[in-house]
Amino acid sequence: MDENENGFMGVNSLTPPNPDFTDGDEPSVSGCNFLLDRTGEVVLTHTSDGLSWKLVDSSNDEGDKFSCLGFKLVSNTEIEVNIADVYAVNFIGWGLVHESALASLEVSLLDRSSEVKHMYRFAIHVVHKSKTQSSLWTPSVYTFGHKNLEICMSWVNQINSHLHVEVKRPKNLLVLVHPRSGKGHGCKIWETVAPLFSQAKVKTKVIVTERAGHARDILSSITNRELSLYDGVVAVGGDGFFNEILNGVLLSRHRAPYPPAPSYIMPPAESECNVSNHNANGTISEHSDHNEDGSPLLRGSEHIERESPNFEKDSESSFPNEMFRFGLIPAGSTDAIVICTTGVRDAVTSALHIILGKKVHLDIAQVVRWKKTNSANEEPCVRYAASFAGYGFYGDVITESEKYRWMGPKRYDYAGTKVFLQHKSYEAEVSYLEVEPKEASLSSDAVPEVQSRRFWCLPKKPDRMTCRANCAICNSKSDHTVTRSASLAQDFEGMKWSSSKGRYLSVGAAVISCRNEKAPDGLVADAHLSDGFLHLILIKDCPHPFYLWHLIQLARKGGEPLGYKFVEHHKTPAFTFKSFGKEGVWNVDGELFLAQQLSAQVFRGLISLFATGPEE
């Protein structure tokens, strides 16, 4: 038996040595020599911020540091890893460690027995950021070997102790999988990322949904005490499935007065609307599923003083709260929410955000239906939206696409083309709260004079303050936003309402930018994740070519879809809507919602999401 001067064994033994035999080596957790698989002998060091390792036979010259894959490299021989980028460390026992990459070739081709050793091994799992696309995260594994079991276990225990200090990382998650989401690959996508959670020792309770509304029913019926056992709930599916889960948590738990109904809004010329005077008198104490779209009917504004049936008095947790987070692993048709919150449509990246316990606040819109049709007399019905609510063109597309579900995601292209050719317009009245009109309202009045003569002339591109990780706007405080526990009645008393009435091709309210692969900048490029505002987009009736040019601009990177006279863009925390037709079909996060009279308000940072915001 040979032993080199660094304490490594120079034989290929199939039997591990006696763990009690240290040959004079004392376990060290500050610096120690290891054999890094397919690299060579390195000195592994624990630093104040994490770990670093350097080849033993490398030049002592430090050279200039540069960045690669999210790591700091020194002369191509030293790597520094921040402990925040380590998502797991595992002891993997006795086995082969290769001294170099060449040792992975067939040993029969060349005599490389001296380059393969049997040792005790442990693996460090690290998150890499793509060199070309920083929002794309990938996992990497570094396997270290040593002859001494005690030394290996000391390092494993030390690194794990540092990982356990990361209190924001989840330990227990409820995972809901939509098996037919998108192209029907929900289960396969979960099977792809599930090993990452196992490696990180994150416990997951996985439920594969069996029908539409199943996830909402599960989360609305679970008690707060049971829900508090989890650090968050993760959706494996698309935007519509995330909406189902969001509503399952919030419908019976989020308590706040409703926004005013359209009938309560008086013309701004006559009076200012004091929204604090608005209170729905009728209340419903129990859910009802007898309406056509299966929407649970919630009580009116009195529900802020009563407790939901699922709100246990002995429960220590209320929802939503700061620590409980939502997660979304993309498996849908568009996955706009994931793209807007992580910067990329990638299941592994989203899984790593969840495992590392990343958190970003997300605005949520509360959408209240007051009437389904003109003649209807019903109690208010509530939905919550995380990305978008749209009427007219948007509602018609989602209605038409339901007929072609067998086509998969392509049904939206087909339905969109069909609806565009029909070119329907609808008469409606929209009222919205005025907030800093000079800056927040970008209506047709702000369009240059030349554009009034030519619809297709784009104005000069404005300076955009797009939302990014650690966004200053999302982290700022504002006097004109609805907080997670407040309401319009508390925050907007005495503010003025403006109204717009006419024929519209579409009415849309974007909570976030709604970026996706077909609209790279989204509907509103400078929308933010948590600034407390909706972006109200009103597309007036116009000739076919003008609306087509608007859609073309929407599909272009750097396009200006809102820079036309027939487009109104208002930044507001709340709006009301009244259709003069028989009924209205709305698209709420990809789900159908029938409403002839509707109002909406946005709650700033209402939920926390496992994400960081886009990094590019």
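The values are calculated or read from the model by the stated rules, or taken from the named source; none is laboratory data. For clarity, every value in this text was computed on a predicted model and none was experimentally measured. Note: ideal-geometry Cβ built from the backbone for every residue, glycine included; neighbour counts use all protein chains shown. Just the protein is used for accessible areas: all its heavy atoms, side chains included, with ligands, DNA and RNA removed. Shrake-Rupley method; radii C 1.70, N 1.55, O 1.52, S 1.80 Å.
Summary table
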| read-out | value |
| --- | --- |
| Net length gained if the chain between residue 375 and residue 476 were fully extended (0.36 nm per residue, minus Cα distance) | 31.9 nm |
| Net +/- balance of residues flanking residue 120 in space, Cβ distance below 10 Å, scoring K and R +1, D and E -1 | +1 |
| Difference of contour (0.36 nm per residue) and Cα-Cα distance, residue 557 to residue 465 | 31.6 nm |
| Highest to lowest packing among 520-527, 324-331, scored as the average C-beta count within 10 Å | 324-331, 520-527 |
| Residue 211 paired with residue 130, simple spin-label distance in nm, labels 7 Å along Cα-to-beta-carbon | 4.0 nm |
| Per-residue ³J(HN,Hα) for segment 389-398, Karplus 6.51 cos²θ - 1.76 cosθ + 1.60, θ = phi - 60°, Hz, x for Gly and Pro | 10, x, 10, x, 4, 5, x, 5, 5, 5 |
| Neighbour net charge for residue 541 - beta-carbon separation under 14 angstrom, K R +1, D E -1 | +3 |
| Efficiency of FRET between residue 406 and residue 188 - r from beta-carbon atoms, R0 22 angstrom, step 0.05 | 0.70 |
| 3J(HN,Hα) from dihedral phi, segment 249-258, Karplus parametrisation 6.51/-1.76/1.60, rounded to Hz, x for glycine, proline | 7, 8, 4, 9, 10, 7, 10, 7, x, 6 |
| Distance between modelled label sites at residue 49 and residue 424, nm, 7 Å Cα→Cβ extension | 5.7 nm |
| Peptides 144-153, 556-565 ordered by average Cβ neighbours within 10 Å, highest first | 144-153, 556-565 |
| Derived scalar couplings ³J(HN,Hα) [segment 172-179; Karplus, 6.51 cos²θ - 1.76 cosθ + 1.60; whole Hz; x for Gly, Pro] | 8, 10, 9, 10, 10, 10, 8, x |
| Amide H within-cut-off set for residue 560, under 5 Å, with H built and near neighbours excluded | none |
| Burial order of peptide ranges 49-56, 470-477 (average beta-carbon count within 10 Å, highest first) | 49-56, 470-477 |
| Of 131/171; 183/358; 501/540; 129/358; 129/205, those spanning more than 18 Å from alpha-carbon to alpha-carbon | 131/171; 183/358; 129/205 |
| Computed Rg/Rh of segment 190-255, alpha carbon atoms with Kirkwood Rh | 0.98 |
| Solvent exposure, largest accessible area first (probe 1.4 Å, DNA, RNA and ligands not counted), of 541, 531 | 541, 531 |
